Amino acid sequence: DIHAIGRGLIADPEFPAKAEAGDTERIRRCLACNYCIEANIQRALPLRCAINPIAGRENEFSHGKKKYSREVWVIGGGPAGMQAALTAGDLGHKVSLYERSSYLGGQLVAASRPPWKEAFHDLLLYLERELERAGVRVFLGQEGPLPDDLKHLPDAVIVATGSRPAIPKDLPGLDNLQFATAQQVLTGEKETGQKVIVIGGERTGVEVAAFLAQKGKEVVITRRKKRLAMDMVPSVRKVFLDYLKHKGVVIYTNIEYVKVRNDGLLIRQDGEERLLLADTIILATGSVPVRDLVESWSDSGVTTIAVGDCANPRDLASAIREGFEAACSL
């Protein structure tokens, strides 16, 4: 007789109207990421949503089309770039989106692979459908254009070229053992052996450890700091840490890295050295922004806005919000 919808209406206030009209593919489905709960209840901040950039700020933004249509190029097809292109298209601009890989999604692809994060794939599909509806021209397999190579320039460029995994330079012997980045493992680009060490214990490290533990791998997490996954929403963090414990993942914190050997990783903990045997080492040691095109376009005189990880590597909520706000500012 009755349906109650909570977080789903924060993610998409039009959920009931779209469902009643049978337009279910246009529903922006809640990720159940608890970002809203963490911000509003646990930190007493205004209502926010990771994937609805105007939640709690509805009066700040006009939903009508812009008086003047501009030609807008978006370079980078991750969540920040997709949201920027979608919003610009909805506002009536002529939008082209360039993505150098053969698919859209960027970090969303890897983010959808760990346990309980399958809804991130739904977000990717939603954004793809909405880009088509908004009339955005999408060019896959194309590097972002450089202004010096062009005779015709757009009115504005939004650069969303993301980030790349940071490779630690202070870890001797890293080439002695097969290693992969967390993104390579999550996307299936690289396989691992049975015994795996994950270097890095923030969100990405914990998620890739859970992903591999689910596959039956023997997983060890190492990190220099005392606690794991402090960049996670607390309620989600607890779920992941409980799962790692259930799966028998071994965790070493407060350690120093001595060197990588051909049979594993040598660490120092409480003054004592310990060899952790491994077939594969996975690096979850952060990201660095890819900013080459930001500098090139900024020097061209064209209005240029950097959004998402290429501005500063952070989280999905920041990427979606910045992509949306960049389009609104044009």
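The values are calculated or read from the model by the stated rules, or taken from the named source; none is laboratory data. Remember, it's a predicted structure, so these values are computed and weren't measured experimentally. Positions of Cβ are generated from backbone atoms using ideal geometry, with glycine treated the same way; all protein chains shown enter the neighbour counts. Calculation scope for accessible area: heavy atoms of the full protein, side chains included, ligands and nucleic acids excluded. Shrake-Rupley method; radii C 1.70, N 1.55, O 1.52, S 1.80 Å.
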Discussion item. Could you derive backbone 3J(HN,Hα) for segment 160-168 from the dihedral phi with the Karplus parameters 6.51, -1.76 and 1.60 (θ = phi - 60°), listing whole Hz in sequence and x where the residue is Gly or Pro?
Written reply: 9, 7, x, 9, 10, x, 7, 9, x
Worksheet item: How big is D, in µm² s⁻¹, for segment 161-210 by Stokes-Einstein at 20 °C and 1.002 mPa s if Rh is the Kirkwood radius over C-alpha pairs?
Response: 177 µm²/s
Discussion item. Give me the three principal axis extents of the chain from the C-alpha atoms, as integers in angstrom, largest value leading.
Written reply: 68, 62, 32
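Could you rank V239, V290, V72 by how accessible they are, 1.4 Å probe, largest area first?
Values: V239 70, V290 40, V72 0 Å².
Final ranking, largest accessible area leading: V239, V290, V72.
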Item to complete: Hey, can you grab everything whose amide H is under 5 Å from the amide H of A278? Only 5+ residues off in sequence or another chain; H modelled, so Pro and N-termini drop out.
Response: G264, L265
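Pull out the extension gain between A119 and H246, defined as 0.36 nm times the separation in residues minus the alpha carbon to alpha carbon distance; nm, one decimal.
Working: separation 127, 0.36 × 127 = 45.72 nm, distance 2.29 nm.
Contour length minus Cα-Cα distance gives 43.4 nm.
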Item to complete: Using 0.36 nm per residue of separation minus the Cα-Cα distance, give me the extension gain between E71 and R133 in nm, one decimal.
Response: 20.6 nm
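Classify segment 66-167 as rounded, prolate or oblate, taking a ≥ b ≥ c as the square roots of the eigenvalues of its Cα gyration tensor: rounded when a/c is under 1.5, otherwise prolate if a/b is larger than b/c and oblate if not.
On the way: a/c = 2.51, a/b = 1.42, b/c = 1.77.
The shape class here is oblate.
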Worksheet item: Residue by residue through segment 132-142, which ³J(HN,Hα) values in whole Hz follow from phi under the Karplus form 6.51 cos²θ - 1.76 cosθ + 1.60 (θ = phi - 60°), with glycine and proline marked x?
Response: 5, 4, 7, x, 6, 7, 10, 10, 8, x, 10
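Could you give the length gained on full extension between R314 and E272, defined as 0.36 nm per residue of separation minus the Cα-Cα distance, in nm?
Numbers: separation 42, 0.36 × 42 = 15.12 nm, distance 3.47 nm.
Extra length available between R314 and E272 comes to 11.6 nm.
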Worksheet entry | HN-Hα J in Hz across segment 218-230 - Karplus 6.51, -1.76, 1.60, θ = phi - 60°, x for Gly and Pro | 8, 10, 10, 10, 10, 7, 6, 7, 7, 10, 9, 6, 6
Fill in: Accessible area of segment 28-168 divided out per residue, in Å², using a probe of 1.4 angstrom
49 Å²
Discussion item. Running a GNM on the chain with Cα contacts under 10 Å, which residue among D292, D309, D122 ends up with the highest mean-square fluctuation?
Written reply: D292
Fill in: Simple label model, 7 Å out from Cα along Cβ direction - T253 to T24, nm
4.2 nm
Worksheet item: Expressed as a whole percentage, what fraction of the accessible surface of segment 113-223 belongs to carbon and sulfur atoms when a 1.4 Å probe is rolled over the protein heavy atoms?
Response: 47 percent
Discussion item. If I build a Gaussian network model for the chain, linking alpha-carbon pairs within less than 10 angstrom, which residue out of E128, E273, E207 has the largest mean-square fluctuation?
Written reply: E273
